[in-house]
Amino acid sequence: MTNHTLLNLLNAFAQGQTAFDNVLIKNANLQAQLLPFISLRKACMPGADFRHAVLPGANFEGAIFNGSNFEHANLLAANLTWANLAQANLGHTLLSVANLVGVNLANANLSGASLSGADLTSANLRNANLSGVNLKGTNLSKANLFGARIDAKALSEAILEFTVMPNGECVTHSQRSRPTVPNLANVISYTRLATALEPHRGMRPESAAPSASQSNATITAALLDETTAAAIAADRADTQHTWPGSLKNMSIKTSQ
């Protein structure tokens with residue numbers, strides 16, 4: 001591990017550096033930071049504060065973020081494969097089309113998060129809070145949901161292949177519907193994405209959460225067209241069905 005101070009990391013990012021792989025920073029305060037495309041592969045940053053941070057396209061492969069706070073962060077199309085986010089707070093986090101293969105989210109809070117089109121193959125979601133989450137087109141193949149709190153309606157919209165359900169059953173449920181947010185390449189090219197985010201590289205809003213929220217909305221709008229953005233907003237008005245037992249016993253209302 002490379003022991004970086006937080007100030008050194010932010011200064012280097014402001015100068016155009018984006019790769020900070022293998023860094024070791026405990027309890028880092030990155031609240032409301034604009035850090036698009038930052039790479040923290042195999043970094044060790046337990047207890048980090050990423051609330052309201054704007055991190056689209058970030059690479060957190062194999063990183064350790066256990067106990068960290070990503071509430072209201074923008075992680076659109078981020079790479080979190082095999083990352084450790086056990087007991088992390090990802091409430092209302094944007095994780096659409098993110099790569100979360102093998103991620104450890106045991107006992108994590110993802111209430112109200114958007115995971116549309118995300119890949120959580122082989123993810124560990126034991127005892128996670130997934131209430132109000134958007135799972136349209138989300139791949140939960142071979143994921144472990146044992147003990148998780150989740151809405152039946154949301155779960156019915158995900159891809160379930162040999163998935164361990166909250167009650168311990170292993171089921172397969174074919175879901176052919178396309179995700180609300182398709183592959184990032186079909187929404188916007190990485191060139192346009194980089195162009196939209198370039199003015200914000202290394203910058204921090206003058207105030208904390210409010211300004212970050214405004215910047216977050218502006219950048220997200222640049223990434224998604226109006227139709228897709230409206231669909232994501234509409235998906236948040238989910239009917240609160242709770243997990244009753246096995247999938248075959250669920251009573252689900254479907255909108256026409």
If each residue's Cβ is checked for other Cβ atoms within 10 Å, how do Arg41, Arg51 rank with the fewest at the top?
Arg41, Arg51
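List Ser111, Ser96 from most exposed to least, where exposure is judged by having the fewest other Cβ atoms within 10 Å. Before the final figure, lay out each step's value.
On the way: Ser111 18, Ser96 33.
Starting with the residue having the fewest Cβ neighbours, the order is Ser111, Ser96.
Calculate, for Phe162 and Ala19, the FRET efficiency according to 1/(1 + (r/R0)^6) with r their C-beta to C-beta distance and R0 30 Å; round to the nearest 0.05. Write out the running numbers ahead of the final one.
Values: r = 36 Å, r/R0 = 1.19.
With a Förster radius of 30 Å, E is 0.25.
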In whole Hz, the Karplus estimates of ³J(HN,Hα) for the stretch 70-80 (6.51, -1.76, 1.60; θ = phi - 60°; x where Gly or Pro) are 10, 4, 6, 7, 9, 10, 4, 6, 6, 10, 10
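Using the number of other C-beta atoms within 10 angstrom as an exposure proxy, rank Lys26, Lys136, Lys142 with the fewest first.
Numbers: Lys26 11, Lys136 22, Lys142 17.
With the fewest neighbours first, Lys26, Lys136, Lys142 line up as Lys26, Lys142, Lys136.
All of the numbers you see were taken from the coordinates with simple rules; none came from a lab. Since we're looking at a predicted model, the values are computed, not measured. Cβ: placed from backbone, ideal geometry, glycine included. Neighbour counts: every protein chain shown.
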